[in-house]
Amino acid sequence: MPFVDSPVATVTWAMVDETGSPTTFQLNFGRDEAMPGALIKIANTTQLLEDLTGCAILSTTISYSSIQTDPPSAQPVSRREKKGVFVFRTAAGKSAQCAVPGIKAEFVKKSGQIDEDIPAVVTFVEGLVAGPTSSFYTDSNGSALVSLSKAYERFARTTKAALPSLRIPDGDTTVGN
Amino acid sequence: MIDTQPYTLFHLVDESGSAAGLRVFFRRGETVNSAEVAAKSFAASLGALTSLAVVKFDIVFRSVAEKDTIGQLGSDTNRRILLFVGEDEINGDIVEIPVMESGLLQNDCIEMPDVNNPAFVAIVADIETGFYKMNDGATPLIVESIATGRNYGATVSEWVAGI
């Protein structure tokens, strides 16, 4: 799966006018710019934008994109609503949830639990939890993910519009249809 | 501005073409390069777990204002200045700037921004310093600027008149 990095990063300013109506303003900058220098430049532009527009800047978001050049096809009957929910304990004693869209059916037991002994599941979990020397991934408060608490399948709410065309109920209740 | 927890957002697509996302936070202080390495490794393990296609990921650093507020009197996001950057109006990008209702537009020709306004001069100079880039990585050069309403087909005068 070759991911190609975009040559530019994007900075987005979110702002509101006197009525609270939101809008955004975007510019790109070189991906190889050092972050400390980029932050100074962006802060300067933020001030200039406020002076120019009179809008209040609510946030700045810097995004570095990488795109799959040769993306694999989604598997037949794959559904984004079918979530594999992984609940982790964090170093702060709280729990954090990670919901994987389209969890493969063969990883789910009849009970609805995800089989935690399958190598792909083990690799995924080990990639997220803190090891002896590293704790790269965290919860939204910066607390390291320490261990897996539970993993199960959950269906997100589905709207008729979200269903693939062949899955829309047609009123035919014949067995097999 | 307060820095929030940085995260990587993975974009996935299912059989019907419906998009889904997965966001995983990572610790502060990590560089873009280290986040990229981790994201590519994570994408591989994610791809083995899901029946969806992993098509893209974004590494995101976000700062938010310390408190919610609104803009100054007269600020209006419906009015824009369009900056045409690049070789010419055809071969380039358009940058949109939300603009204050008054003070920045020429009195006698409100379709044209006052290019001598200090705030306008400052933002143009800032965009052209060389730090900001076009989508292809080239340095932008602003070749023309016009004012407009939210509807791109209408100039401000038309927009004000309700056309």
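The values are calculated or read from the model by the stated rules, or taken from the named source; none is laboratory data. Computed from a predicted model, the values in this text were never measured in an experiment. Cβ sites come from the backbone with ideal geometry, for glycine too, and all protein chains shown count toward neighbours. Side chains included, ligands, DNA and RNA excluded: accessible areas come from the protein's heavy atoms. Shrake-Rupley method; radii C 1.70, N 1.55, O 1.52, S 1.80 Å.
The single condition among (1) in contact with a Ser or Thr (Cβ under 9 Å, 6 or more places away or on another chain); (2) facing chain B (nearest Cβ under 7 Å); (3) of a type outside the set (D, E, K, R) that A:Gly30 does not satisfy is (1). Among the residues of segment A:1-55, the ones that are free of Cβ contacts under 8 Å to residues at least 12 places away in the same chain and open to solvent by less than 10 Å² (accessible area, probe 1.4 Å) come to 1 in all. Which residues, taken from segment A:62-80, are under 26 Å from B:Val60 (Cβ atoms), hydroxyl-bearing (Ser, Thr, Tyr) and not in a strand (DSSP E or B)? Selection gives A:Thr69, A:Ser78. Checked against (1) surrounded by 13 or more Cβ atoms within 10 Å (Cβ to Cβ); (2) farther than 16 Å from A:Ala38 by Cβ; (3) modelled with pLDDT under 90, B:Gly17 passes all but condition (1). Taking the conditions (1) free of Cβ contacts under 8 Å to residues at least 60 places away in the same chain; (2) more than 7 Å from chain B (Cβ to nearest Cβ) in turn, A:Ala74 satisfies each one other than (2). Restricting B:Leu105, B:Leu82, B:Leu141 to residues that are open to solvent by less than 40 Å² (accessible area, probe 1.4 Å) and either within 16 Å of A:Trp13 (Cα to Cα) or at pLDDT 65 or above (or both) narrows the list to B:Leu82.
Table: residues versus (1) within 9 Å of chain A (Cβ to nearest Cβ); (2) at pLDDT below 90; (3) out of contact with any helix residue (DSSP H, G or I) (no Cβ under 6 Å at 6 or more places or on another chain).
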site: B:Ile2; (1), (2), (3): no, no, yes
site: B:Val54; (1), (2), (3): yes, no, no
site: B:Ile94; (1), (2), (3): no, yes, yes
site: B:Val115; (1), (2), (3): no, yes, yes
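Checked against (1) modelled with pLDDT of 95 or more; (2) within 23 Å of A:Asp70 (Cα to Cα); (3) open to solvent by 10 Å² or more (accessible area, probe 1.4 Å), B:Tyr7 meets all criteria but (2).
Could you say which residue among A:Val77, A:Val8 is over 18 Å from the mean Cα position of the chain (by Cα) and over 30 Å from A:Lys109 (Cα atoms)? Don't jump to the end; show me each part of the working.
On the way: A:Val77 fails: over 30 Å from A:Lys109 (Cα atoms).
Answer to the selection: A:Val8.
Going through (1) buried (at least 19 other Cβ atoms within 10 Å of the Cβ); (2) at pLDDT 95 or above; (3) over 21 Å from B:Thr69 (Cα atoms) one by one, A:Thr60 falls short only on (3). When you check A:Pro101 against the structure, is it over 30 Å from A:Arg31 (Cα atoms) and not acidic (Asp, Glu), yes or no? No, not satisfied.
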